[in-house]
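Asker: One structure follows; several queries about it will come next.
The values are calculated or read from the model by the stated rules, or taken from the named source; none is laboratory data. Model, not experiment: these values are computed from the prediction. Glycine also receives a Cβ, built like all others from the backbone with ideal geometry; neighbour counts cover every protein chain displayed. Surface areas here come from the heavy atoms of the whole protein model, side chains and all, with no ligands, DNA or RNA. Shrake-Rupley method; radii C 1.70, N 1.55, O 1.52, S 1.80 Å.
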Amino acid sequence: MAAEAWQLKNETCTSSVDMELFLHCSLLPSIAIIVVLSCLEKRARRSRLDEKWPLLNRRCGVVIPLDFTGAFSNRWSLGFAFGATANKVMILFSEDYLPLPSKFRWAKAFVLLTGALEVGLSSYPFFACLSTHFSIVGATLGFLYTGSWQPQKSWIRRNVYEWDPYFQFPSRMITMAVLALICLYMFVVNEFYVFKMVSQALQALKSTFDVVIVSSNTTEVVAQVEHLKDFIDVTEGVWLFTTFTACLTSVSYVFHILACYRKHMKRLWAGQKQFLPLVFIRLSSSQNVASIARYSGWQIAYILWGYLIVHTVQCLFGVMFMYGFVLPIKHGQGIEMLKNLGTGILTLAVVIGLMQLQIATATAFFLQPKILLTDKEKPLALDNRKAFQNFNYFLFFYNVVLGLGACLFRLLCSVIVGAWLIARIDRTIMPKGYEAADLGFRTWIGMLFMDHHHTNPTLVCFCHLLVVRTRERQQQTTTDYLHFTNATVTDFRVSNKARTRWLLSYTLLNNPSLSALRKPK
């Protein structure tokens, strides 16, 4: 039940706050804050109001949100305050915001003006609390009002990463991430230096090509040289461009691995192991210890190798894109390229259409009707068997040819996915049943189990309670002993000599053999 409750809390909870309604409701506290700050603000001159109520003492002045002309303090704070109004400004672009009937479309400008004034009034405390001279009051009111505007998660928290203040990454993971980023930076810099050296050599080679073109009058030789020059230019440009994309991919992997670590640890703490392959549910203790020892080094190596492989694959596809689309247009062959592209798209569409046609035909003619009207699909029971056998026979030869292309497509997808995820040690790139051959993923699972058994919050809390209870019992035993000793000494109103004689008599009664050993008086 606890695991289900935890999963329900973390995976199904959604915000039910209507931001437009919240914007309308925020006007009241905004006006209240403006009134409070206005009561504290002093006016430059006295007025008749001060004569009627002397206690005002030039209070109830005009509050200024910010000085647009001469303000040089709190610049970054004001900038972030403007950033906090972004979600309110975006509400104005919503089509459902203050909808109007068709006969009042002419008043749209006034409605937008009213909405802009509402946004400005609801955002006024952001700036007024920063600009007021009463810093304590302004900070308190601004903090309370700003805190009421975090009810909706940002795009980053909803789609990329949600901060969890109750989860702490171990120092091993933080150290790995920092060192991986530093090593990646050094690797990219060294790669760029090598690229510059190769580029200089290629430029010298292009100069040689120019000499060959000048000295040769053969059209075939000139065409081949031009093709080589185009290949050098395309490869250099694509390699330089994919350096940034591959670097961004590797950097995102570092942070994504941290997010996956937190997600997997929470699942293990909740008792969920279904996301693990069956072969990894139970690993030996020695494998887990060895995994946590080699994880950090392996992860950094995987990131670096992953960057190089991803960079190479991206460069390869970039060159293919340039030769398939850009260069034909550059050389005046755009029409022919579009014809070939249209033929390829048409062929692919026909293949996909025939595959869907087989499914539709099987659904319409070769399956028995639904048992119940409420069933989503027909039962897996054949109908029209003779027609079905002829259907299979005539499509057998076509499916052989189609299978050749499907096999190559499967191989291509495996290569692309495997190369793209080579740096992701948190997931296996092996098919089901062969996960044990992925040493990187085995190391990841062993590290997770090691941390799970040593940092499980329930286990750590239980052990902490045992230690505290043991210490309390030891302290209580010591206190009782001291209390008993003090009580035997002080509570009874007898002399020490009488007490000593009583203890001596008690000892001799229980040990009669000691009487013969006593020293005579």
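Let's see how each residue does on (1) open to solvent by 80 Å² or more (accessible area, probe 1.4 Å); (2) assigned to a helix (DSSP H, G or I); (3) touching a strand residue (DSSP E or B) at 6+ places or on another chain (Cβ under 7 Å); (4) modelled with pLDDT under 80:
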site	(1), (2), (3), (4)
R471	yes, yes, no, no
T477	yes, yes, no, yes
L482	yes, yes, no, yes
T485	no, yes, no, yes
F492	yes, no, no, yes
R501	yes, yes, no, no
L504	no, yes, no, no
K519	yes, no, no, yes
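Asker: Mind checking whether some residue in the range 235-253 is under 30 Å from H452 (Cα atoms), of a type outside the set (F, W, Y), open to solvent by less than 40 Å² (accessible area, probe 1.4 Å) and in a helix (DSSP H, G or I)? Break it down stepwise before answering.
Answerer: Narrowing the range 235-253 to residues under 30 Å from H452 (Cα atoms): 249-253.
Among the residues that remain, those that are also of a type outside the set (F, W, Y) are: 249-252.
Filter again for open to solvent by less than 40 Å² (accessible area, probe 1.4 Å), leaving 249-250.
Keeping just the survivors that are in a helix (DSSP H, G or I) gives 249-250.
Yes, the range 235-253 has at least one match.
Asker: Kindly indicate the residue of the range 194-217 that is hydroxyl-bearing (S, T, Y) and either open to solvent by 70 Å² or more (accessible area, probe 1.4 Å) or in a helix (DSSP H, G or I) (or both) and also farthest from P328 (Cα to Cα) among those meeting that condition.
Answerer: It comes out as S215.
Asker: Let me ask something else about it. Just to be sure before I move on: is V188 under 30 Å from L258 (Cα atoms), surrounded by 14 or more Cβ atoms within 10 Å (Cβ to Cβ) and within 30 Å of the chain's Cα centre (by Cα) in the structure I sent?
Answerer: yes
Asker: Somewhere in the range 270-287, is a residue closer than 29 Å to F449 by Cβ, in contact (Cβ under 8 Å) with a residue 60 or more places away in the chain, open to solvent by 50 Å² or more (accessible area, probe 1.4 Å) and assigned to a helix (DSSP H, G or I)?
Answerer: Yes, the conditions are met somewhere in the range 270-287.
Asker: Restricting to the range 351-390, what's the tally of residues that are among the hydroxyl-bearing types (S, T, Y) and closer than 23 Å to L402 by Cα?
Answerer: Going residue by residue through the range 351-390, those that are among the hydroxyl-bearing types (S, T, Y) are 361, 363, 374.
When the remaining residues are screened for being closer than 23 Å to L402 by Cα, the result is 361, 363.
Going through the range 351-390 one residue at a time, the tally reaches 2.
Asker: Taking the condition surrounded by 12 or more Cβ atoms within 10 Å (Cβ to Cβ), of a type in the set (D, E, K, R) and touching a helix residue (DSSP H, G or I) at 6+ places or on another chain (Cβ under 6 Å), does D383 pass?
Answerer: Spelling it out, it is not the case that D383 is surrounded by 12 or more Cβ atoms within 10 Å (Cβ to Cβ), of a type in the set (D, E, K, R) and touching a helix residue (DSSP H, G or I) at 6+ places or on another chain (Cβ under 6 Å).
Asker: Give the residue that is farthest from M320 (Cα to Cα), with candidates limited to residues of the range 238-271 that are in contact with a Phe, Trp or Tyr (Cβ under 9 Å, 6 or more places away or on another chain) and polar (S, T, N, Q).
Answerer: Across the range 238-271, the extreme among qualifying residues is S250.
Asker: For T443, indicate whether it is within 23 Å of L308 (Cα to Cα) and at pLDDT 90 or above.
Answerer: On the way: within 23 Å of L308 (Cα to Cα): yes; at pLDDT 90 or above: yes.
Judged against the criteria, T443 is a match.
Asker: Is one or more of the residues making up the range 341-362 under 30 Å from L240 (Cα atoms) and of a type in the set (S, T, Y)?
Answerer: Scanning the range 341-362 turns up no residue that is under 30 Å from L240 (Cα atoms) and of a type in the set (S, T, Y).
Asker: Okay, moving on. Looking at the range 313-334, which of the residues that are under 30 Å from F441 (Cα atoms) and without any contact (Cβ under 8 Å) to a residue 60 or more places away in the chain is most open to solvent (accessible area, probe 1.4 Å)?
Answerer: Applying the filter and picking the extreme gives L316.
Asker: Got a sec? Which of H227, H264 is modelled with pLDDT of 90 or more, more than 20 Å from Y193 (Cβ to Cβ) and either open to solvent by 10 Å² or more (accessible area, probe 1.4 Å) or among the β-branched types (V, I, T) (or both)?
Answerer: Selected residue: H264, the only one of H227, H264 that is modelled with pLDDT of 90 or more, more than 20 Å from Y193 (Cβ to Cβ) and either open to solvent by 10 Å² or more (accessible area, probe 1.4 Å) or among the β-branched types (V, I, T) (or both).
Asker: State yes or no: is I232 free of Cβ contacts under 8 Å to residues at least 12 places away in the same chain, assigned to a helix (DSSP H, G or I), surrounded by 12 or more Cβ atoms within 10 Å (Cβ to Cβ) and of a type outside the set (S, T, Y)?
Answerer: Numbers: free of Cβ contacts under 8 Å to residues at least 12 places away in the same chain: no; assigned to a helix (DSSP H, G or I): yes; surrounded by 12 or more Cβ atoms within 10 Å (Cβ to Cβ): yes; of a type outside the set (S, T, Y): yes.
So I232 fails the test.
Asker: Moving on. Quick check, is K378 of a type in the set (D, E, K, R), open to solvent by 100 Å² or more (accessible area, probe 1.4 Å), free of Cβ contacts under 8 Å to residues at least 60 places away in the same chain and out of contact with any Cys (no Cβ under 7 Å at 6 or more places or on another chain)? Please lay out each step first, then the result.
Answerer: Values: of a type in the set (D, E, K, R): yes; open to solvent by 100 Å² or more (accessible area, probe 1.4 Å): no; free of Cβ contacts under 8 Å to residues at least 60 places away in the same chain: yes; out of contact with any Cys (no Cβ under 7 Å at 6 or more places or on another chain): yes.
In short, no.
Asker: Any residue in the range 348-367 that is assigned to a helix (DSSP H, G or I), small (G, A, S) and closer than 30 Å to V326 by Cα? Can you show your working first?
Answerer: Restricting attention to the range 348-367, the residues satisfying the condition of being assigned to a helix (DSSP H, G or I) are 348-365.
Applying the additional criterion that residues be small (G, A, S) yields 349, 353, 360, 362, 364.
Keeping just the survivors that are closer than 30 Å to V326 by Cα gives 349, 353.
Yes, there is a match, as at least one residue in the range 348-367 is assigned to a helix (DSSP H, G or I), small (G, A, S) and closer than 30 Å to V326 by Cα.
Asker: Right, something else. If you check G342, G324, G353, G318, which single one turns out to be out of contact with any Pro (no Cβ under 8 Å at 6 or more places or on another chain), over 30 Å from N399 (Cα atoms) and of a type outside the set (K, R)?
Answerer: None of the other options fit; the residue is G318.
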